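Accompanying notes for the structure given below.
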Amino acid sequence: MKLGVYIHVPFCRRKCDYCSFYSVPVDTLSPEGRAGLEAYTRTIISEASMRLPQLPGAVIDTVYFGGGTPSMLEPRQVENVLSSLRGWADVEPGAEVTIEVNPEDSGKVSAFRDAGASRAVLGIQTFDPGMHRAIGRSSSLCGDDHLDSFFSVKGIVHCADMIAGIPGQDRAGLVAGLDRLCSLGAKHLSVYLLSIEKSTPLASRMKPGPGAGEEQRALFEAVMDFLAGRGFSHYEISNFAIPGFESRHNMKYWKFMPYLGLGPGAHSFIDGRRIMNVTGAVEYACSGGFSYEEDVRGKNSAAVEYLMTGLRLLEGVSVGDMESRAGFRLTPGMLARIDSLEKRGLVAVSGTGVDMTVRLSREGIFLSDGVIYEIVEELL
Amino acid sequence: MNLENVRNFSIIAHIDHGKSTLADRIIEACNLVDPRDRKEQMLDTMDIERERGITIKSNTITLNYESRKGGHYIFNLIDTPGHVDFTYEVSRALAACDGVLLLVDATQGVEAQTIANLYLALENDLAILPVINKIDVISADVESTKEGIEKSLGLDPQDAVPVSAKTGVGVADLLERIIEFIPPPKGDDSARLKALIFDSYFDKYQGAVIKVRIYDGTVKKGDVIKFMSTGNTYEVTEVGVFRIDLEKRKELIPGDVGYIIAGIKSVVDTKIGDTVTLAKDPASEPLTGFKDVKPMVFSGLYPMYSDDYDNLKDALYKLKLNDASLIFEPDNSFALGFGFRCGYLGLLHMEIVQERLEREFDLALVTTAPSVKYRITLTGGHVMTIDNPVKMPDLSTVELIEEPFVDATIVTPTDYVGNIMTLVSENRGVHKNMEYIDQRRVQLHYELPLAEIVFNFYDKLKSISRGYASFDYELKDFRPSDMVRVDILVNGEPVDALSFIVHRDKSRVRGKDIITKLKDIIPRHQFKIPLQAAIGASIIARENISPTRKDVTAKCYGGDITRKRKLLEKQKEGKKRMKQIGSVEVPQEAFLTILKIE
């Protein structure tokens with residue numbers, strides 16, 4: 001079994017105002033902070049040592065250090081985690097090893113590479129100081145120095161995360177930023193539309209106006225058009241890559257493939273079962289990395305999840321693949337819905353029977369929440 | 001007991017003038033209640049009555065009073081419902097009395113309902129003893145109140161008894177004045193039985209219990225009684241009087257106010273104002289004043305969740321047990337599903353019924369806009385009445401539409417006369433006359449279409465007069481009016497629950513108002529949704545809901561798909577609260593919001 005491993009690093013120097021996920025503030029400059037990250041790394045290694053042996057035959061082909069701010073880890077800690085994975089399971093030669101990096105940590109990228117990383121994702125979000133302030137991004141604003149030190153590292157795939165759709169964001173500025181990243185050699189760009197989540201500090205000061213949806217869409221269309229012109233393939237709603245540089249790890253989430261999540265709050269998907277680790281960093285540490293529960297879902301959940309994640313991929317979902325992986329065949333009611341969506345120009349359908357594939361149209365991308373809901377509604 | 005020592009009376013007052021508090025003091029002074037068991041507003045038994053400070057069902061109590069001058073007296077204190085919707089019930093309760101205490105709040109003076117109540121008392125030929133309440137309050141103005149009593153009520157202010165029901169000051173004197181001022185009942189115990197039904201209520205074990213005042217004759221257990229309006233007969237199983245609880249008596253005699261239990265299944269069979277006589281030796285003539293009351297205001301009542309239909313049905317039947325004036329029949333709306341068309345005596349009655357359904361039966365309801373009854377003459381000469389906008393025939397087949405008008409009395413401080421005149425003329429009112437009550441306040445008389453009153457007139461009146469104006473009305477007649485039905489179309493589909501009948505001059509404004517609200521409430525869809533208000537085929541107002549251009553959320557997070565799944569589940573939950581109109585989903589709350597007219 002090919003297996004992805006996700007390592008969740010729920011620590012940040014300070015939480016961003018728009019973030020609604022669990023994270024713990026850690027001061028890497030303090031002895032306590034450093035000791036905390038060291039203890040965290042040991043617990044990850046301990047968790048790996050307990051969970052990987054339960055998956056005999058697993059061959060790890062992707063590893064992803066996500067956060068939080070995984071670049072707060074020392075390269076040595078990353079290396080230790082990776083070598084523990086190799087100790088308990090086969091890791092494929094040429095496995096994709098990704099780490100998310102904040103601009104202020106860009107100087108550590110070559111050391112991460114030396115520790116085993118093959119991809120680094122720079123969390124830029126925005127180059128615009130006004131927008132950076134507006135959303136309350138906690139990391140440093142990405143400047144020329146950060147870009148230089150990030151992109152000058154050879155032997156690693158350069159990726160970046162951006163946010164589009166900040167109220168008042170300037171389209172030309174956003175595109176110019178992407179242009180710069182393309183010129184510097186970025187092979188993979190994730191562009192997320194800002195969503196203002198309830199009970200975040202951002203929500204208390206930023207209320208989207210009536211035209212906000214329209215504005216976000218216009219910005220995102222500009223992004224799509226620009227990146228298409230630069231040879232990027234728009235392969236998932238929020239992700240663009242030079243062909244061949246798609247994120248193999250993230251693909252596992254969308255394609256219903258197995259992955260093991262290590263760390264506080266990490267999720268695993270193995271043999272059709274979803275496992276959730278305890279969320280709190282302290283609880284996680286106290287349990288020695290061994291406190292999780294199964295997310296027991298209803299009988300139709302596999303099909304719902306398959307479609308919900310699969311339709312985010314712009315290549316769409318294949319009926320045959322769905323049957324073999326999720327053990328589910330589209331019902332006549334769902335086929336009728338798909339037909340109606342196709343007539344409305346929201347999905348494109350090709351092939352018939354098990355060869356049938358369904359994918360979002362360009363319009364469908366922008367209305368995907370409603371489109372996906374419409375298809376899976378009868379299963380909920 | 002000698003009839004000379006009986007006094008049958010009621011307290012009448014404008015709302016909040018202290019009627020229930022005074023009743024409490026009188027009951028206290030007659031030592032009916034152990035002080036330890038005392039509650040505020042003894043006679044108001046429902047929570048909703050205590051909260052709103054109004055009486056919905058009247059209660060009655062028999063009290064023993066020892067006069068300071070010697071002599072043992074029986075006081076029958078007959079409580080009356082306190083609102084315009086229950087005018088007829090009030091008038092029948094008053095018919096059971098020989099006199100009334102007309103209570104006026106010294107801080108407010110004479111109000112619209114004081115006047116309306118006075119007329120009811122006068123119609124019943126009662127002795128009217130003015131009582132000035134709240135004299136302990138600093139802002140009390142006893143002299144102006146006396147002026148009002150003289151000028152606008154035409155009563156002798158010399159008779160007025162000042163009291164404070166709250167502190168009890170003056171109550172002892174008042175009780176003595178009652179003996180002097182209110183005449184004892186008359187009656188002949190050897191004549192044929194004539195008893196007035198002035199109220200009834202439903203008891204789980206006994207069935208309908210009727211409240212009666214005996215005029216002539218006697219009634220006892222075992223008698224077979226007959227209701228003169230319906231001809232129905234029943235065998236009496238128990239008679240008695242109202243103390244804290246029912247107190248059995250051997251018989252009821254002329255002058256008595258008490259109850260009869262006779263195995264009557266439902267209050268629907270006990271018509272208020274009817275005359276009870278003996279089946280074997282009936283009275284030749286019934287008492288005068290009987291009317292079969294008809295509902296004046298109608299609305300659709302639907303369960304918010306269609307699963308609740310049976311619960312709503314049960315609840316309505318249960319309410320009806322105790323409220324003969326509530327009528328309902330099953331109704332089916334395309335937009336709202338199965339529900340009921342209900343008829344009420346008036347707006348307050350409607351509110352009370354809805355509130356009791358929601359509170360006592362824990363139902364979430366959607367109510368359509370209140371409507372009145374229209375009389376329609378078709379071109380062929382056929383006459384019909386409708387109370388539901390969807391039943392309105394095509395205008396091309398209509399010769400004439402008539403709508404109910406009321407006689408309305410508004411009492412207001414002079415400062416607000418201008419505002420009120422504007423409000424009334426906006427609501428198609430016809431000014432009749434204006435009289436000064438005292439130097440500060442006037443009494444305005446209007447003829448107004450009932451349809452305008454049910455459309456939030458009262459709330460507007462209160463707001464433009466800062467709560468000072470008071471209002472009362474009585475149905476007058478039907479008059480020809482240029483009424484039209486306005487339909488609301490969502491994406492071309494008419495929404496039956498939102499149709500309403502309105503005067504043509506107001507149709508555009510009101511139609512616009514509704515679609516503007518709808519525009520804010522209906523979420524954007526993947527397509528453009530036109531909203532229209534139409535009279536027949538002609539569109540009188542239009543709005544568009546522009547399509548959603550973006551409905552996409554950000555990434556999954558490290559393989560945690562639970563948020564996304566929860567989002568789908570939330571969408572599903574949300575959809576349950578939607579009504580599907582064509583291809584448009586309208587939130588249930590939309591009906592609540594729209595039908596709540598501002």
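What to note about this one:
- Residue among A:Leu181, A:Leu202 that is part of a helix (DSSP H, G or I) and either among the basic types (Lys, Arg) or under 22 Å from A:Leu227 (Cα atoms) (or both): A:Leu181
Each row is one residue, and each column tells you yes or no for (1) outside any strand (DSSP E or B); (2) of a type in the set (S, T, N, Q); (3) touching a residue at least 24 places away in the same chain (Cβ under 8 Å).
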| position | (1), (2), (3) |
| --- | --- |
| A:Cys19 | yes, no, yes |
| A:Glu32 | yes, no, no |
| A:Leu37 | yes, no, yes |
| A:Thr41 | yes, yes, yes |
| A:Ser46 | yes, yes, yes |
| A:Pro53 | yes, no, yes |
| A:Ile60 | no, no, yes |
| A:Gly87 | yes, no, yes |
| A:Val91 | no, no, yes |
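- Among the residues of region B:76-104, those identified as outside any helix (DSSP H, G or I), surrounded by fewer than 24 Cβ atoms within 10 Å (Cβ to Cβ) and in contact (Cβ under 8 Å) with a residue 40 or more places away in the chain are B:Asp79, B:His83, B:Asp98, B:Gly99.
- Qualifying strands (runs of 3 or more DSSP E) (wholly inside region A:242-324; at least 1 residues being outside the structural domain of A:Ile99 (by TED's automatic domain parsing) and of a type in the set (Asp, Glu)): A:292-294
- When the criteria are applied in full, A:Tyr284 fails the requirement of being within 14 Å of another protein chain (Cβ to nearest Cβ) and among the hydroxyl-bearing types (Ser, Thr, Tyr).
- Test: residue in region A:287-297 that is crowded, with 16+ Cβ neighbours inside 10 Å, touching a Leu at 6+ places or on another chain (Cβ under 8 Å) and away from chain B (no Cβ under 14 Å): yes
- For region B:544-595, the set of residues classified as at the interface with another protein chain (Cβ under 7 Å from one of its Cβ atoms) and of a type in the set (D, E, K, R) consists of B:Arg549, B:Lys550, B:Asp551, B:Lys555, B:Asp560, B:Lys564, B:Arg565, B:Glu569, B:Lys572, listed by residue number.
- Residue within region B:243-258 that is more than 18 Å from B:Asp216 (Cβ to Cβ), without any contact (Cβ under 8 Å) to a residue 40 or more places away in the chain and outside any loop (DSSP other than H, G, I, E, B) present: yes
- A:Tyr259 being facing chain B (nearest Cβ under 9 Å), under 29 Å from A:Thr98 (Cα atoms) and among the aromatic types (Phe, Trp, Tyr): yes
- Of B:Lys221, B:Lys186, B:Lys204, all but one fail to be at pLDDT 95 or above and either surrounded by fewer than 19 Cβ atoms within 10 Å (Cβ to Cβ) or in contact with a helix residue (DSSP H, G or I) (Cβ under 9 Å, 6 or more places away or on another chain) (or both); the exception is B:Lys221.
- Among (1) in contact with a Pro (Cβ under 8 Å, 6 or more places away or on another chain); (2) surrounded by fewer than 24 Cβ atoms within 10 Å (Cβ to Cβ); (3) modelled with pLDDT of 95 or more - the single one A:Ile99 does not satisfy: (2)
- Counting the residues of region B:503-537 that are under 17 Å from A:Pro210 (Cβ atoms) and out of contact with any strand residue (DSSP E or B) (no Cβ under 8 Å at 6 or more places or on another chain) gives 2.
- Top-ranked residue in region A:4-53 [being among the polar types (S, T, N, Q) and surrounded by fewer than 18 Cβ atoms within 10 Å (Cβ to Cβ); ranked as nearest to the other protein chains (Cβ to nearest Cβ)]: A:Ser20
- Considering region B:321-339, and only residues there that are among the acidic types (Asp, Glu) and assigned to a strand (DSSP E or B), the residue that is surrounded by the most Cβ atoms within 10 Å (Cβ to Cβ) turns out to be B:Asp331.
- For A:Arg274: the one exception among (1) facing chain B (nearest Cβ under 10 Å); (2) under 17 Å from A:Leu85 (Cβ atoms); (3) more than 15 Å from the chain's Cα centre (by Cα): (2)
- Residue match in region B:518-531 (condition: assigned to a helix (DSSP H, G or I) and without any contact (Cβ under 8 Å) to a residue 40 or more places away in the chain): yes
- Output for region A:322-380, where each listed residue is more than 14 Å from chain B (Cβ to nearest Cβ), free of Cβ contacts under 8 Å to residues at least 60 places away in the same chain and basic (Lys, Arg): A:Arg329, A:Arg359
Every residue, every condition in (1) acidic (Asp, Glu); (2) more than 10 Å from every other protein chain (Cβ to nearest Cβ); (3) in contact (Cβ under 8 Å) with a residue 40 or more places away in the chain, yes or no:
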residue	(1), (2), (3)
A:Val157	no, yes, yes
A:Arg171	no, yes, yes
A:Leu174	no, yes, yes
A:Leu178	no, yes, yes
A:Lys187	no, yes, yes
A:Leu193	no, no, yes
A:Ser199	no, yes, yes
A:Ser204	no, yes, no
A:Gln216	no, no, yes
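- A:Leu227 vs. criteria within 14 Å of chain B (Cβ to nearest Cβ) and touching a Cys at 6+ places or on another chain (Cβ under 9 Å): no
- Verdict on A:Leu55 being closer than 22 Å to A:Val121 by Cα and among the hydrophobic types (A, V, I, L, M, F, W, C): no
- Filter result for A:Gly345 (closer than 25 Å to B:Asp551 by Cβ, part of a loop (DSSP other than H, G, I, E, B) and out of contact with any strand residue (DSSP E or B) (no Cβ under 8 Å at 6 or more places or on another chain)): yes
The values are calculated or read from the model by the stated rules, or taken from the named source; none is laboratory data. What you are looking at is a predicted structure, and each value in this text was computed from that prediction instead of being measured. We place every Cβ from the backbone using ideal geometry, glycine too, and count neighbours over all the protein chains shown.
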